[in-house]
Each structure stands twice: as structure tokens, then as C-alpha cells.
């Protein structure tokens, strides 16, 4: 059991691969990931659009995280939204906010076998590496880099951050191999040649 979100982590099954409407060879379907409940697209729309009574607003907590469970008819009705950004522009933060607000898992086109991407899944982004109809929002860094799996999207969210901040943050991630650590200011002097080549 995942202590952070209470979900059970289990090995993927053949049914996961059959249910996932994605392309052949997607390694993300074979990765152990948290087991989350499913919600139909109609139920999701209803839950997001229902009016909340003032007396019930005080009782609201964050919605439980779910994967979409679409039948064939609903799959045609649901648009995939791509969230595009340069690396380190805040896409993980925005994905986490959207998941907490909507209660719906987001995906990404990353290679889930890579350490930094696997770390994101273990930190709570259960849809990391998924681009199928179980997720409504899919993160990508295209065209800065190609994702592991090709997919189609009907809508887009463009996330922009000051390039100086994004490039500095990316350099920190490359140097530390971590999403949440930074190098010291003195290291920019020590690695001046590497920093100059990086930018």
C-alpha cells in the first residue's frame, strides 16, 4: 500500500493492456502503478458541474483520485487535452493541482522506465507514461523532445514560464538527477564551462 495516498500498488495485468486504448509497444502499460477506482465520463461531467449547496461546501475535501473508465461510446465524446511546456516550467505542479481539483489522473508521454519519470509516479502522479483514454490531460515537452508514445489530442494547454528560470531549473535537475534538489550557487562558478554550453 502507498502510504502517501492509501492506494494499493499492484502488478499490471493483461486486462490493463486490453482496456488501454493506446499503441502497441507502450511500456507504460507494463509498469506497476497504484490501483485507483474508475469513473465514467458522464459521472465525471456530472460531479464537476453539479451545484454545491452552501452547507455542503464546508464538508468538502479533496476528491479521491480516479482513472477514467470509458465505454466505446464515451471514448468518442471525450477529448484528450495536451499540456505542452518546456521542461521545468511547472507542469508537474499544474498536473498535481488539476488532479486534486478534478479528482482525475493525468498522463504523460514520457518513458516510464527512466528514473526521473518513475520518481514522479512514485510521488503520486499515477498516470505517468499513460496517453490512453484513462487520462484526460496528457503532459508533453514536444517539440523540445519527443515523447515515448505518439498520441492524438483535440485540445491544448500551453504552459509558459520565464525562460531564464526554466533553463536554470532544468540545469539543476540535470546536475542533481532529482526533481526537488538544486546545486549551490558556487557550483555555477565551478561548472562555468558546462553552464555556458548548456545555455
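Values in this text are rule-based calculations from the coordinates and carry no lab data. Note that the structure is a prediction, hence the values are computed from the model and not measured. Backbone-built Cβ (ideal geometry, glycine too); neighbour counts: all protein chains shown.
Using Cα-only point scatterers and the Debye equation, what is log10 of I(q)/I(0) for region 59-182 at each q in 0.10, 0.22 Å⁻¹, rounded to two decimals?
Reported log10 I(q)/I(0), two decimals: -0.31, -1.40.
Grab the beta carbon distance between residue 176 and residue 53, set R0 = 30 Å, and tell me the FRET efficiency rounded to 0.05. Show your work: numbers first, answer last.
Working: r = 47 Å, r/R0 = 1.58.
Working from the Cβ atoms, E equals 0.05.
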